1. In whole angstrom, and with the biggest value first, how far do the Cα coordinates of the chain range along each principal axis?
2. Give the residue from S25, A12, H36 lying farthest towards the positive end of the charge dipole for the chain; charges sit on Cβ (+1 for Lys and Arg, -1 for Asp and Glu) and the dipole is referred to the Cα centre.
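Quick note: the coordinates plus some simple rules give every number you see, no bench work behind them. Nothing here was measured: the structure is a model prediction, and the numbers come from that model. Neighbour counts run over all protein chains shown; Cβ positions are idealised from the backbone, glycine included.
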Amino acid sequence: MTDSPANYGPDAARLRSLLAAAGVSQRALARALGTHDRSVRRWALGERRISSPTWIAIETVLRSRSRRRAARRA
């Protein structure tokens, strides 16, 4: 497996799906992670690889946001 953008597509699709499900914008995720909007945009477009530690941080942030969103609906 090479590190070409074509190989990042599944990560990009997964990230976009998680963002949509959590109702979180790319900008909000970037702020929560302490990174640039551009980084999240590149991940979502499949232009950059998402490291394992970053995935853990993304999932933690989105899980937390999803729980808060569900609590507000209840």
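1. 45, 21, 18
2. S25
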